[in-house]
Amino acid sequence: MRIGIFGGTFNPPHLGHKHLAEEIKAKAELDKIIIIPANTPPHKESKELADGFHRMKMCELLFNEDFYEISDLEIKRQGKSYTVDTVSELKKLYPEDELFLIIGTDMLMTFDKWYRYEDILRDVRLCVSVRDDETTVSDLSAFAKDVLKLNSENGEIIIADVEPWICSSTDVREKLSQGIDASELTSLEVFNYVRINLLYESPHVDYKRLLREKLDDYRFLHSLNVAESARTLALMYGGDEEKAYFAGLVHDIMKNATKEEQLQIMKKGDIILTRTEKNNPKLWHAMAGEAYLRTEMGVTDKEILSAVRYHTTGRAGMSLLEKIVYIADYISIERDYPDVDMMRELSAKGLDEAALYALKFSFASLSKKEKLIHTDSVEYYNELIINQTEKEKSL
Ligand code: ATP
């Protein structure tokens, strides 16, 4: 068998890696390729190196065709991942087979600095392709000949003459750290894996970690989804997308806290409960959430704090951001109550229309169960009705 060995940091794996593997597979007529994520790469300093377990999983998602095998050889070996050790282990595993080591331009140009590179070359044939616009195939073959004493013309080194696929893991991480969709640089499956496991993400990653600790799985996903819905509504209605995302993300931060914790943090935040509020613990998480963000997390933005505080009841005189979070909470993607489609439709027509529908929906279900209705909600409802009547009159 002709076996390709493709090692890398794969932090995360991307389409440039896949392109290289596919091109070399065709050029060198390989029967299979073993993908080997490094434990610690000796050739480069890798910032934000995701855990080996996650990089293995992401490689499984990206290199999902049958001719790829994902190996944990280097991760299991721990310590620095020297290719010479990997190659000699593989040589023992596949004594009868031909081994080919797949590398990109940058790796070839420093190959003579690799630990015991001459020993590596005794066991494998190098396969290279260009990965940028600056280096040409003739640069590669000249380097191979002059420095490594390998002749590309007689196949001592295989150089694939292909269009470079300009992309790096650094590019992917940079996009992710700015909260930009990076699915086109890697696969959708890898992108979603990164999102669910909070890898590389820097916008609000500390908050997301905190939320993962404070919330159960359902509530955590709900929070991510409300953040997304809030950002979409902000985009539609000219609001601040960043603030909307953040407020949506943290709106339920105290939802899974005990009643005692909620009361304690409200006390610390100098929140005095009205009689209705005292008798309605279901409302506490919103007030406690505001108090927690203000007293424990140092959030000072009044609009964000109000959006969290009033996300359950609403109130008269809501700001755009408050309305956005209030509605986003009703329409986030995982919601499936009977009227959700109507709510989504209305939210695309106008925030006030959607809020009025939401209030009517909530009054109906609360009064049916003889539950308390907060005066803030009633005042919000009245305000919306008055505005609506005045609007109709002026037409
Ligand atoms: P980083 O940006 O974190 O430095 P990287 O994108 O270079 O990472 P690695 O996992 O370090 O990715 O690369 C593994 C191997 O894949 C190396 O041999 C590298 O030269 C090659 N490679 C990476 N990206 C490409 C690409 N776009 N085209 C061709 N080869 C590539």
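Three semi-axes describe the equivalent ellipsoid of the chain; taken as square roots of 5 times the Cα gyration tensor eigenvalues and ordered largest first, they are 58, 21, 17 Å.
Here the Kirkwood formula puts the hydrodynamic radius of the stretch 2-169 at 16.0 Å, using every distinct Cα pair. When each of the peptides 230-239, 4-13 is scored by the mean number of other C-beta atoms lying within 10 Å of its residues, the order from highest to lowest reads 4-13, 230-239.
Working note: Karplus 6.51/-1.76/1.60 with θ = phi - 60° gives the stretch 236-247 the couplings 6, 10, x, x, 7, 5, 5, 5, 4, 4, 5, 4 Hz, where Gly and Pro are set to x. A convex hull fitted around the alpha carbon atoms of the stretch 125-190 yields 117 Å³ per residue.
Using a cut-off of 29 Å between Cα atoms, the listed pairs K57/K208; K18/K80; K175/K255; K18/K208 include K175/K255; K18/K208 as exceeding that distance. If the segment from D97 to E260 were pulled out straight at 0.36 nm per residue, it would be longer than the present Cα-Cα gap by 52.0 nm. The angle separating the long axis of helix 320-331 from the principal Cα axis of greatest extent in the chain is about 70 degrees.
When you count the other C-beta atoms within 10 angstrom of each residue and take the mean per peptide, 256-264, 240-248 line up highest first as 240-248, 256-264. Once the Cα atoms are used to define both axes, helix 83-93 deviates from the longest principal axis of the chain by about 70 degrees. Taking amide hydrogens as placed 1.01 Å from N in the peptide plane, the amide H of S129 sits under 5 Å from those of I103, T105, A160, each at least 5 positions away in sequence or on another chain. Note on the chain: GNM, Cα springs under 10 Å; of V130, V299, V172, the largest mean-square fluctuation is that of V299.
The numbers here are math on the coordinates, done by the rules we state, and not lab data. Keep in mind the model is a prediction, meaning the values are calculated, not measured. Note: ideal-geometry Cβ built from the backbone for every residue, glycine included; neighbour counts use all protein chains shown.
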